[in-house]
Amino acid sequence: ARVALTRDDDRFIMLRERFGIARRAKADLFISVHCDSVGTGTPTGATAYTLSDVASDREAARLAARENRADVIAGVTLDRDPDVSSILIDLTQRETMNASAGFARLLGREARPLIATKSNFHRTASLMVLKAPDMPSILFETGYISTPGDAAFLDSKEGRAKIAESVRRAVDIFFARRMAER
């Protein structure tokens, strides 16, 4: 697998631009890696988020109203009939959401032996960074920087190596399965 990072420093990149970078690189998978935090309490463990069905449908409507439909699905020219175009976009998004959910479950399976995870590891949400309609995408919350135990793990070389290893294993399996399906 070829890995392309969106940045190697601490500057902010607009959420849409993050998956835009991945789309321009013709990525087959987008993983947005984060550290969570809370104001009170001491939650612990990693989670993965994928785009929810409801958010996807609303976003599809916004994209259709705002952008050239040919740009929505990686430059593919869609049928001129708006109903057919909507159906094609919806089918692509559903396939993408299913692939995203499959990768999130796989990451959870591979992460559990290596790092602390929440019992409900895979969650769905309407997160802007996940709204690429044509590329499986997850947001991986690696732990809580506001919880001392998680923060120490995230700050350690060993902790980061275990997080990276869980992602590597999941990516290897994800693409091996995709190759086997061809």
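Residue-by-condition table, conditions (1) open to solvent by less than 90 Å² (accessible area, probe 1.4 Å); (2) modelled with pLDDT under 90:
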{"position": "Ala1", "(1), (2)": "no, yes"}
{"position": "Thr6", "(1), (2)": "yes, yes"}
{"position": "Asp9", "(1), (2)": "yes, yes"}
{"position": "Phe19", "(1), (2)": "yes, yes"}
{"position": "Ala25", "(1), (2)": "yes, no"}
{"position": "Ile31", "(1), (2)": "yes, no"}
{"position": "Val38", "(1), (2)": "yes, yes"}
{"position": "Thr44", "(1), (2)": "yes, no"}
Exercise. Which of the residues belonging to segment 33-53 are hydrophobic (A, V, I, L, M, F, W, C) and over 11 Å from the mean Cα position of the chain (by Cα)?
Worked result: Cys35, Val38, Ala46
Seminar exercise, completed: Looking across segment 92-107 at residues that are among the small types (Gly, Ala, Ser) and surrounded by 20 or more Cβ atoms within 10 Å (Cβ to Cβ), the single one that is modelled with the highest pLDDT is Ala104
Exercise. For Pro133, all conditions in the list (1) assigned to a helix (DSSP H, G or I); (2) more than 18 Å from Ser37 (Cα to Cα) hold save one; what is the number of the exception?
Worked result: (1)
Exercise. In segment 1-25, how many residues are in a loop (DSSP other than H, G, I, E, B) and not β-branched (Val, Ile, Thr)?
Worked result: 12
Problem set entry | Residue satisfying all of: in segment 115-143; out of contact with any helix residue (DSSP H, G or I) (no Cβ under 7 Å at 6 or more places or on another chain) and of a type outside the set (A, V, I, L, M, F, W, C); most open to solvent (accessible area, probe 1.4 Å) among these | Ser119
Exercise. How many residues, within segment 152-166, are buried (at least 16 other Cβ atoms within 10 Å of the Cβ) and either of a type in the set (Ser, Thr, Tyr) or free of Cβ contacts under 8 Å to residues at least 12 places away in the same chain (or both)?
Worked result: 1
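The values are calculated or read from the model by the stated rules, or taken from the named source; none is laboratory data. Note that the structure is a prediction, hence the values are computed from the model and not measured. Note that we place each Cβ from the backbone using ideal geometry, even for glycine, and neighbour counts take in every protein chain shown. Just the protein is used for accessible areas: all its heavy atoms, side chains included, with ligands, DNA and RNA removed. Shrake-Rupley method; radii C 1.70, N 1.55, O 1.52, S 1.80 Å.
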